[in-house]
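The values are calculated or read from the model by the stated rules, or taken from the named source; none is laboratory data. Since the structure is predicted, the reported quantities are computational estimates derived from the model, not experimental observations. Don't worry about glycine lacking a Cβ; one is built from the backbone with ideal geometry, like all the others, and counts go over all protein chains shown.
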Amino acid sequence: MAASLAPGGSNAASHSPRTSSIPDTPAPALSDHLLTPASISSVEVYGATNTRKSLLDHLFRPLVENPGPTTTLGELLNRINRASEKLVRLDIFKQEGYGVFISDARDRPSGAAGLHPERTELDVSFRVKEKSRLVLSAGTDFGNAEGSAYTNAVLRNVFGGAESLSVNASTGTRTRSAYNAVFSAPLNGNPDLRVGVEGLRSSTQKPWASHEEQLAGGSLRLAWLAGKMGDSHALAYSGVWRQLTGLAAGASPTVRADAGDSLKSSITHTFTRDRRDSPTLPQRGHLFRTVSELAGWGPLHGDVSFFKSEAEVAGASSLLSTARFHKSGTPITVGGSLRLGLLYPLAAGFSFGGPALPSRINDRFQLGGPTDVRGFKLGGLGPHDGSDAVGGDVFAAGSVNMMLPLPRTGPASPLRIQLFANGGRLVALRNEGRENENGGPDSNLALDSSAVLRGMKSAVGELASELPSLAAGVGLVYAHPVARFELNFSLPIIRREGEQVRKGLQDIHHE
């Protein structure tokens, strides 16, 4: 199948693509050639059997419509390259078999219409192979203190416009059940601007806080790339019904006070700037990410209202002259990260100074665990009510590490030895004496705006006034292209009363 596009949107005659050759000319002559006036006579796509022509028109119509009198051959080649990159980013075509062919339209039979004798006229052909429309997968995961089994089905190019439908189901030792379905599609054929709709339902045990949480809801999401380097933005509205249930016999009063149903209606913005050379085993570059959520305020409804923000900065760098340190020449990499978070209770509706309820346990931050702060149990840092981790409203966490090559391995080996130190602090909002008999926050007592501000200042001051809880250790890292696996031995160095440590081996599975 050949989808064709000619000036004005009419179909051009199909022909076999011929690759143009650039003569072996001196650089100045080639440079002069790229400055000659040029236009594109037609664009054809071969192999897009299940793809709508309207989608291809959005990508390629700008190439053939209204060529300016000063448009040069070099500018057209850049436009063709950008259109080709967009075609690939639709993620519906295979890499193998993909090709772009450019030929001189003057090779057409004499009398062909639409050719301009004063300009170089080009015919452009794209040859593609579509990916399988249906992909099924199933498997098991072990790590992060949980074992689970999952099934996944992905339907690509559902209606011929690069839409995708993903359906997932999983069950495990901690996540009893989780189901979600996501439908997404590019807007106006732009792979860098996608809209998605998601529905989810899950049931998760949280033994660090003696309860089980059930979720059911959905979200509407708009994601786009911005800037020359492709910074990622995502804006989403979500409505989720949460039920805190299945309380253990020894559940603390704080957990019992938050048990039952709640409805969260929120808007979330996520920004990501990732300049690392690898997401699983970076050797250079940096990462900056922010997640900001506004719930229950203004036109948003629900029975929780707050502003919640989290920021992360991470970086990595390879030491100079690494061959001196190791025969293989594999880089020795040093890296670090810093995360900060704040949850600020707000009055519901449009009120700025009205009373605000303290945050709930299922909205607060939790800190600790093999993928968070190593050397501590899940939820092991921060405020506790008895043995239950009840979370906090302000936190800071950081880490430093050094990646060393294993003996007898080369630079391409995905295995590394890791030396690390990490720590963090998690603090709850002080409620000016409005606490229950066990010292935990009383979720039934509202705070006025001045009390919230004083409590937040006190929490931030406490966060910065003392040393963080700290652990250090050594481990083995395996960087798979899809995920990163770690096996670490951790030794807690600083801990606070009530915090729960995890001395010894911890396994980690990073998606």
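Structure summary
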read-out: Residue under evaluation GLY475, criteria (1) more than 28 Å from the chain's Cα centre (by Cα); (2) outside any helix (DSSP H, G or I); (3) modelled with pLDDT of 80 or more, criterion not met; value: (1)
read-out: Inter-residue pairs, beta-carbon under 8 Å, first touching a residue at least 24 places away in the same chain (Cβ under 8 Å) and in segment 376-389, second aromatic (Phe, Trp, Tyr), 6+ apart; value: LYS377/TRP208; LEU378/TRP208; GLY379/TRP208; GLY380/TRP208; GLY382/PHE365; GLY382/PHE395; ASP388/TRP208; ALA389/TRP208
read-out: Residue list for segment 280-308, filter: under 12 Å from the mean Cα position of the chain (by Cα) and either acidic (Asp, Glu) or surrounded by 16 or more Cβ atoms within 10 Å (Cβ to Cβ) (or both); value: LEU287, ARG289, VAL291
read-out: Residues of segment 220-279 classified as in a loop (DSSP other than H, G, I, E, B) and either under 22 Å from the mean Cα position of the chain (by Cα) or among the aliphatic types (A, V, I, L, M) (or both), total; value: 14
read-out: Any hit, segment 26-44, residues being surrounded by fewer than 20 Cβ atoms within 10 Å (Cβ to Cβ), β-branched (Val, Ile, Thr) and modelled with pLDDT under 90; value: yes
read-out: Subset of segment 251-280 [closer than 28 Å to ARG339 by Cα and aliphatic (A, V, I, L, M)]; value: VAL255, LEU263, ILE267
read-out: Extreme residue, nearest to THR140 (Cα to Cα), among residues of segment 165-183 that are touching a residue at least 24 places away in the same chain (Cβ under 8 Å) and buried (at least 18 other Cβ atoms within 10 Å of the Cβ); value: GLY172
read-out: Number of the condition not met by ARG339 [criteria: (1) under 26 Å from VAL240 (Cβ atoms); (2) in contact with a Gly (Cβ under 8 Å, 6 or more places away or on another chain); (3) among the basic types (Lys, Arg); (4) not in a strand (DSSP E or B)]; value: (4)
read-out: Number of the exception - GLY285 against (1) out of contact with any Lys or Arg (no Cβ under 6 Å at 6 or more places or on another chain); (2) on the phi > 0 side of the Ramachandran plot; value: (1)
